[in-house]
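Right, one structure below, let's go through it.
Bear in mind that the values in this text are calculations on the coordinates, not laboratory data. Every value quoted in this text rests on a predicted model; they were computed, and no experiment measured them. Cβ coordinates were reconstructed from backbone atoms using ideal geometry, including for glycine residues, and neighbour counts include every protein chain displayed.
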Amino acid sequence: MPQTIAVGVDGSKESVRALRWAANQISEVGGIAHAIMVWHQPVQFGYRLPTPDSELEQRAREALEAAMTAVKADFPAVDLRSRLIRGHVVDELVGLSKQADLLVVGNKGHGAFTGMLVGSVALKLVHHAACPVVVVR
């Protein structure tokens, strides 16, 4: 049965591995893999950092495109789509998990990049997602 897989991507090697795992799964069972990059304006000590939103969004877009390029080269026949979302990573991925058959994330990620997909985030997703979650190591 074809699957819809949502994959949390943040530009880290771990998230690219997660996307590769999902592409391989889709190549075996059919369906669509959605690479999801969620970005936001980081806050430290209650203050927004001075990086413009447009720059953060562009960095996120470039990281997402790099992950897609790396995986598409090995899985050219897989229906692999990308989506860039502004929001909180846990909230967005939990929301998307309601429409997916499977949610796939790396076991850790770029905490310094945008605070996304670190181990604690993967753990929150395991507990709150509406579908099964695969954490790729």
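Quick notes on this one:
- Low-density loop cleavage sites - trypsin sites (Lys or Arg not before Pro) in the stretch 1-107, where at most 16 other Cβ are within 10 Å (DSSP): K98
- Sequence of I85, I36, I26 once ranked by neighbouring C-beta atoms within 10 Å, starting from the fewest: I85, I26, I36
- In this label model, A130 and E28 are separated by 2.7 nm, measuring between points 7 Å along each Cα→Cβ vector.
- Nearest-0.05 FRET efficiency for E65 and L123, computed from C-beta distance (R0 30 Å): 0.60
- For the stretch 1-70, chymotrypsin sites (Phe, Trp or Tyr not before Pro) are listed when DSSP marks them as loop and at most 15 other Cβ atoms sit within 10 Å of their Cβ; the list is F45.
- Once both labels are positioned 7 Å from their Cα atoms along Cα-to-Cβ, the gap between T51 and K98 label points is 3.0 nm.
- Taking amide H as placed 1.01 Å from N in the peptide plane, V9 has its amide H under 5 Å from the amide H of I36, M37, V38, each at least 5 places away in sequence or on another chain.
- HN-Hα J in Hz across the stretch 4-9 - Karplus 6.51, -1.76, 1.60, θ = phi - 60°, x for Gly and Pro: 10, 10, 9, 10, x, 10
- When only Cα pairs below 8 angstrom with a gap of at least 6 residues are kept, the chain shows a relative contact order of 34 percent.
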